[in-house]
Amino acid sequence: MPKRVLTGLIVSDKGDKTVVVNVERKVKHPLYGKIIRRSKKYHAHDEANEFKQGETVRIEETAPISRLKTWKVMDRVNTHATPERVELSGEEAASTP
């Protein structure tokens, strides 16, 4: 069975080698049909204490590490990615306004 992967925001990094990740999902109300937000907090293992509060990360399901931890942090999700700079050649640079 494949491991589940979720994306969420770190809301706490106070524990040693542990971060708390808030994962939000949107569901449709069964009767009224309105889209509502549901959130859940997961305790995830951060071996090197490298992730800080406020970062968006991906977490992966693992075998239980402790009573609350059954997830580990995979990597950062770059939410503020900037496009790479592209150098224009002489002709293209002269024709652009």
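Scanning region 53-62 for residues being open to solvent by less than 60 Å² (accessible area, probe 1.4 Å) and closer than 15 Å to VAL5 by Cβ gives a total of 6. ILE65 satisfies every condition listed in (1) in a strand (DSSP E or B); (2) surrounded by 15 or more Cβ atoms within 10 Å (Cβ to Cβ); (3) over 18 Å from the mean Cα position of the chain (by Cα) except (1).
For region 7-36, a residue qualifies if it is in contact with a Gly (Cβ under 8 Å, 6 or more places away or on another chain) and more than 13 Å from ASN49 (Cβ to Cβ), and the qualifying residues are LEU9, VAL21, ASN22, VAL23, GLU24.
Taking the condition of being surrounded by 13 or more Cβ atoms within 10 Å (Cβ to Cβ), under 12 Å from the mean Cα position of the chain (by Cα) and not hydroxyl-bearing (Ser, Thr, Tyr), how many residues in region 1-18 meet it? Of the residues in that region, 5 qualify. State yes or no: is ALA81 modelled with pLDDT of 95 or more, out of contact with any His (no Cβ under 7 Å at 6 or more places or on another chain), of a type outside the set (S, T, N, Q) and in a loop (DSSP other than H, G, I, E, B)? Spelling it out, it is not the case that ALA81 is modelled with pLDDT of 95 or more, out of contact with any His (no Cβ under 7 Å at 6 or more places or on another chain), of a type outside the set (S, T, N, Q) and in a loop (DSSP other than H, G, I, E, B). Taking the residues in region 19-52 that are under 23 Å from ASN78 (Cβ atoms) and of a type in the set (Gly, Ala, Ser) as candidates, determine which candidate is surrounded by the fewest Cβ atoms within 10 Å (Cβ to Cβ). Filtering region 19-52 for residues that are under 23 Å from ASN78 (Cβ atoms) and of a type in the set (Gly, Ala, Ser), the one surrounded by the fewest Cβ atoms within 10 Å (Cβ to Cβ) comes out as ALA48.
The values are calculated or read from the model by the stated rules, or taken from the named source; none is laboratory data. None of these values were measured; they are calculated from a predicted model. FYI the Cβ positions are ideal-geometry reconstructions off the backbone, even for glycines, and counts take in every protein chain you see. We work out accessible area using only protein heavy atoms, side chains counted, and drop any ligands, DNA or RNA first. Shrake-Rupley method; radii C 1.70, N 1.55, O 1.52, S 1.80 Å.
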